[in-house]
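> Below you'll find the structure I mean.
Every number here is computed from the coordinates shown, using simple stated rules; none is lab data. The structure presented is a predicted model; accordingly, all values stated were derived computationally and were not measured. A quick note on method: Cβ atoms are made from the backbone with ideal geometry, for glycine too, and the neighbour counts reach across all protein chains shown.
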Amino acid sequence: MPDAYLVKPDREFVREIIDLGGESLKQCFQCATCSISCTLSPDRHPFPRKEMIWAQWGLKDKLIGDPDVWLCHRCGDCNVTCPRSAAPSDVLAAVRDYTIRNYSFPRFMGKALGKPAFLPLLLGIPAVLILAVLAGLGTLNPPPGDVEYGRFFAHLPLQIFFGSFVALMIVACLVGVSRFWKDLNSRISRQSFNQSSTTASTSSVGTGIVGAVKDILTHTKFRDCTENKNRYISHLLTFYGFAGLFLTTIAVVISEYVFHYYPLPLFHPLKIFGNVSTLAMLVGVTWIIYERARKQRDTEISTYNDWTFIWILYAVIITGIVTEILRFVNIASVAYPVYFVHLVVVFALLIYLPFSRFAHMVYRTVALVHARYSGREEAVESAEQ
Amino acid sequence: MSGNGKQGKILVIGGGISGITVAIEAAEAGCSIVLVEKNAYLGGRVAQSNKYFPKLCPPMCGLEISLRRLRANGRIQCHTLAEVEKIVGEPGNYRATIKHYPRHVNENCTACGACVDVCPVERSNVFNYGLDKTKAIYLPFEAVYPQRFVIDGGVCEGTSCSKCVEACQYNAVDLEEKPRTEEVEVGAVVFATGWQPYDAAQIENLGFGQYSNVITNSIMERLAAANGPTEGRITRPSDGKEIDSVAFVQCAGSRDENYLKHCSGVCCLASLKQATYIREQYPETQIFIFYIDVRAPGRLEDFYAARQEDEKLSIVKGKVAKIEEDPATQDLVVEAEDVFGGGRVSQRVNLVVLATGIVPSEVGVDVPNGLIRDEHGFLVAEQNQPGLLVAGCAKRPVDVSACMRDATGTALKALQNCV
């Protein structure tokens with residue numbers, strides 16, 4: 001038997017989990033069907049049954065530092081087999097959102113991102129900032145002639161502007177993640193998965209990172225889910241599309257400053273690579289939106305946090321594509337405003353990353369590394385064999 | 001209460017333990033009764049049971065006492081192989097249409113069995129849930145009331161065969177008997193239509209109907225019964241082998257929005273009881289009971305506590321979510337999370353017993369303004385008219401003793417409505 005544990009229910013925490021989409025959590029009667037129907041759950045201390053009772057009892061400390069919450073890839077197998085419609089998958093998603101909000105630095109940003117009332121302000125800030133910079137540069141009214149975005153928002157100020165905000169964003173991420181890592185460590189010493197398992201072994205942080213990155217690049221865990229097979233493909237497309245565009249951006253900046261080779265011709269391999277990545281993301285995100293809309297009615301809840309992230313991502317893709325097309329067709333009156341909107345949503349996507357649903361990228365990676373580091377992931381893998 | 005005419009006359013639909021109890025209690029109070037039973041015999045699910053919990057005594061014992069009271073009472077008209085089709089009228093003044101199905105065997109029958117030997121056709125034995133076969137002419141079970149053979153019209157070859165007619169020296173067989181209808185006038189009607197086991201084949205992840213060594217608790221009653229298909233020896237259906245390990249799966253399909261929403265309230269005790277059947281025959285067999293919650297209210301908790309003394313009985317908290325068969329041995333691997341043990345369990349066993357729940361029987365009787373059911377399909381106690389009453393498992397899933405108490409109360413209500 002585990003050591004005596006004094007239950008201190010945090011009712012506010014329960015209410016917030018319910019608000020974040022875990023509204024079904026009180027339906028659970030602990031039958032543990034979910035722990036078996038989950039294909040990713042390990043043999044020792046499987047999830048999500050235990051997470052469900054922690055959520056019901058308001059055991060915030062146990063849940064926010066629980067790496068298992070992040071081992072779930074939300075395929076929804078448990079939602080289908082649940083005899084009570086308690087939707088463990090939705091509850092874990094809500095706990096993940098709560099975790100992101102909880103570790104937000106500064107904390108008010110996490111709260112603001114979660115509230116629809118703040119959305120105009122959150123989009124207004126980058127709009128005003130960009131307009132201010134443009135006013136400073138004196139290009140608020142773009143010069144006449146062919147559409148050339150560099151003449152609207154010059155490249156160097158653009159890179160300095162975004163670069164400095166990205167630096168702030170990275171600091172925010174690091175602070176949040178280090179707090180998260182500390183809590184993960186304290187939870188493991190409290191619960192220790194390896195004590196009771198003979199197969200599990202710990203690994204160094206370095207090997208943990210290698211293993212986690214391999215997992216993420218191949219999407220192995222996604223593929224194991226049975227109920228939600230196509231999420232594997234849609235997420236894979238989105239992921240590689242995003243990664244591709246990220247690399248393209250860096251390559252183009254290097255090309256411009258190091259090799260002074262700019263602009264690139266349309267059929268330059270780098271250009272083609274960027275456009276293919278965009279297309280992959282367009283298909284991936286469209287698919288995700290379609291699936292979520294289809295499931296919203298019955299099997300799976302998509303919350304405000306889900307939708308704001310997805311739609312902002314979608315807005316980035318669409319405005320990006322339109323921006324590119326308008327340059328070719330050379331309609332200045334529409335091209336510059338669209339480019340402006342594009343910059344605003346790019347800001348919202350990237351700079352708000354640590355506080356939005358996008359932060360799952362960071363927190364899940366850290367949790368996967370920790371799972372290997374602590375021996376949890378080994379237990380998962382031995383269960384699969 | 002003269003017993004003549006519709007005044008003081010009660011129609012009881014269903015000849016299980018509840019219907020029998022309503023009939024004898026009301027008859028002994030002076031009413032006359034028309035008891036209508038769909039099967040060829042009285043006793044219903046009780047007749048199919050091996051033992052009662054918690055006293056572990058045989059149901060046939062109490063059933064025989066009830067049937068003796070029923071036979072001794074001249075006010076009970078008993079119709080087997082009959083169904084009530086329609087009821088019209090109002091409290092104190094009902095007219096019911098009863099359809100009689102042919103038994104093809106009349107009261108001359110002495111149950112000598114000479115007909116069975118010559119009968120060339122076999123049928124699946126419904127009484128034993130299809131575990132064995134009988135001839136087309138058969139006695140439902142040995143202590144049956146009425147003590148008469150019956151012919152399964154669905155499989156009998158009829159007059160073209162007639163071997164039983166020739167074999168019967170009492171002129172008891174009538175292959176040309178036709179269905180007929182009858183109308184009766186009564187003051188009140190009691191629905192004691194009982195229950196059916198939930199159809200375990202509906203449950204996708206538990207393998208019933210797919211793996212032969214996955215059985216239900218109802219089937220277990222027949223396997224353990226001395227008058228059952230194995231003469232009471234509990235063995236594996238697939239190969240007749242002895243059992244080294246068995247898993248009981250509680251809430252199989254029950255308390256599950258995907259299948260049967262309600263809790264039947266008796267399956268926990270039924271499994272604990274059936275664990276004693278196993279233990280009696282196999283002192284060393286490992287028994288597992290996987291549960292969500294054990295429902296053992298009141299004095300039944302003592303029975304639960306007594307079973308926990310059994311060292312080879314493991315009571316595991318965690319619902320079985322998956323069952324797979326090893327095709328080589330036809331053993332089964334049941335998977336559950338052992339919640340208190342802290343891990344997933346994959347338990348290999350010889351036999352799996354699904355503790356399936358109680359579903360109200362379908363009631364096709366046409367009554368004024370229809371019958372009122374609750375969300376689970378059970379008939380509610382308060383029907384459209386005070387003369388229409390409900391007793392026993394037709395109303396809610398309960399054990400036998402609760403059925404009998406409820407039936408006695410319903411008999412009193414029926415008296416108030418028809419005198």
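> Tell me the angle of helix A:360-374 to the major Cα principal axis of chain A, expressed in degrees between 0 and 90 and rounded to the nearest ten.
Helix A:360-374 and the main axis of chain A meet at about 40 degrees.
> Let a ≥ b ≥ c be the square roots of the eigenvalues of the Cα gyration tensor of chain B; is it rounded (a/c under 1.5), or, if not, prolate (a/b larger than b/c) or oblate?
Since a/c reaches 1.5 but b/c is at least a/b, the shape of chain B is classed as oblate.
> What nm distance separates the two modelled labels at residue B:95 and residue B:281, each placed 7 Å from Cα along Cα→Cβ?
So the label points at residue B:95 and residue B:281 sit 5.4 nm apart.
> Moving to a separate point now. Tabulate in residue order the Karplus-calculated ³J(HN,Hα) for region B:338-343, using 6.51 cos²θ - 1.76 cosθ + 1.60 with θ = phi - 60°, rounded to whole Hz; enter x for Gly and Pro.
Per-residue couplings from phi come out as 7, 4, 7, x, x, x Hz.
> How fast does region A:11-104 diffuse by Stokes-Einstein, in µm²/s, taking the Kirkwood radius from C-alpha pairs at 37 °C and 0.692 mPa s?
So the translational diffusion coefficient is about 258 µm²/s.
> Which order, highest average first, do B:283-292, A:319-328, B:156-165 follow once you tally other Cβ atoms within 10 Å for each residue and take the mean per peptide?
Working: B:283-292: 19.8, A:319-328: 17.0, B:156-165: 14.7.
Those peptides, ordered most packed to least, come out B:283-292, A:319-328, B:156-165.
> Over all alpha-carbon pairs of chain A, lay out the pair-distance distribution in 20 Å bins, whole %, shortest bin first.
26, 54, 19, 1
> For a label point 7 angstrom out from the Cα of residue A:361 toward its Cβ, which stretches of region A:227-246 have the backbone nitrogen within less than 13 Å?
So the set is A:238-246.
> Would you mind pulling out the separation of the Cα centroids of region B:290-338 and region A:323-377, in Å?
51 Å
> In whole Å, what are the Cα extents of the protein assembly as shown along the three principal axes, biggest one first?
The Cα atoms of the protein assembly as shown stretch 115, 59, 56 Å along the principal axes, largest first.
> Quick one: helix B:400-418 against the long Cα principal axis of chain B, what's the angle to the nearest 10°, folded into 0 to 90?
Helix B:400-418 sits at roughly 20 degrees to that axis.
> Return one number: the angle in degrees, 0 to 90 and rounded to the nearest 10, between the long axis of the Cα atoms of helix A:269-295 and the longest principal axis of the Cα atoms of chain A.
That helix lies at roughly 50 degrees to the long axis.
> For region B:5-147, what Kirkwood radius comes out of the mean inverse Cα-Cα distance, in Å? Kindly include the intermediate steps, with their values, before the conclusion.
Values: mean 1/r = 0.0599 Å⁻¹.
Result for region B:5-147 stands at 16.7 Å.
> Checking the a/c ratio against 1.5 first, then a/b against b/c, what shape does the Cα gyration tensor give for region B:276-373? Can you show the working numbers first?
Working: a/c = 2.11, a/b = 1.61, b/c = 1.31.
Judged from the Cα gyration tensor, region B:276-373 comes out prolate (a/c at least 1.5, a/b above b/c).
> Could I ask something else about it? Place a point 7 Å from the Cα of residue B:384 along the Cα-to-Cβ direction; which residues of region B:179-206 have their backbone N under 17 Å from it?
What the label zone holds, given the 17 Å backbone N cut-off, is B:188-191.
> Putting +1 on Lys and Arg Cβ atoms and -1 on Asp and Glu Cβ atoms, find which of B:173, B:388, B:150 reaches farthest to the positive end of the dipole of chain B.
Of B:173, B:388, B:150, it is B:388.
> Let me ask another. Give me the distance between the Cα centres of region B:396-419 and region B:54-133, rounded to whole Å.
Region B:396-419 and region B:54-133 have Cα centres separated by 21 Å.
> Kindly put A:182, B:312 in sequence by how many other C-beta atoms sit within 10 Å of each C-beta, fewest to most.
The fewest-first ordering by Cβ neighbours comes to A:182, B:312.
> Once you put a point 7 Å from the Cα of residue A:275 and another 7 Å from the Cα of residue B:340, both along the Cβ direction, what distance in nm separates them?
Going by the 7 Å Cα→Cβ label model, 6.7 nm.
> So if I take the centroid of the Cα atoms in region A:80-106 and the same for region A:226-252, what is the distance between those two points in Å?
Measuring centre to centre over Cα atoms gives 23 Å.
> Pop out the ³J(HN,Hα) list for region B:226-242 in order, Karplus 6.51 cos²θ - 1.76 cosθ + 1.60 with θ = phi - 60°, rounded to Hz; leave Gly and Pro as x.
Ordered by residue, 3J(HN,Hα) equals 4, 9, x, x, 10, 6, x, 7, 7, 9, 6, x, 6, 9, x, 6, 5 Hz.
> Still on this structure, I have one more. Which FRET efficiency value, to the nearest 0.05, is calculated for residue B:374 and residue B:132 with the Förster distance at 30 angstrom and r the Cβ-Cβ distance? Mind dumping the intermediate values first?
Numbers: r = 36 Å, r/R0 = 1.22.
That pair, residue B:374 with residue B:132, gives E of 0.25.
> Still on this structure: Please compute, for peptide B:335-345, the average count of beta-carbon atoms on other protein chains lying within 10 Å of each residue's beta-carbon.
Details: counts 3, 5, 15, 3, 8, 1, 2, 10, 10, 11, 2.
Average per residue, whole number: 6.
> Can you give me the long-range amide H partners of residue B:367? Hydrogens built in the peptide plane at 1.01 Å from N, cutoff under 5 Å, separation of 5 or more residues or another chain.
B:87
> Just checking the output field for A:24-34: average partner chain Cβ neighbours within 10 Å of each residue's Cβ?
5
> Treat every Asp and Glu Cβ in chain B as -1 and every Lys and Arg Cβ as +1, leave all other atoms uncharged, and give the resulting dipole magnitude about the Cα centre to the nearest 20 debye.
For chain B, the charge dipole is close to 980 debye.
> Over all alpha-carbon pairs of region A:148-307, lay out the pair-distance distribution in 5 Å bins, whole %, shortest bin first.
Once binned at 5 Å, the Cα pair distances of region A:148-307 give 1, 7, 9, 12, 15, 15, 15, 12, 7, 4, 2, 1, 0.
> DSSP loop (so not H, G, I, E, B), at most 10 other Cβ within 10 Å: list which chymotrypsin sites (Phe, Trp or Tyr not before Pro) in region A:221-270 pass both filters.
Taking region A:221-270 and a limit of 10 other Cβ atoms within 10 Å, the loop chymotrypsin sites (Phe, Trp or Tyr not before Pro) found are A:259, A:267.
> Describe numerically, in nm with one decimal, the distance between label points set 7 Å from Cα along Cα→Cβ at residue A:146 and at residue A:251.
2.4 nm
> How would you order B:227-236, B:132-141 from highest to lowest mean count of nearby Cβ atoms within 10 Å?
Highest to lowest by the protection proxy: B:132-141, B:227-236.
> Now, a different point. Using a 10 Å cut-off around each Cβ of peptide B:255-265, what is the average number of partner chain Cβ atoms that fall inside?
Shielding by partners across B:255-265 averages 2.
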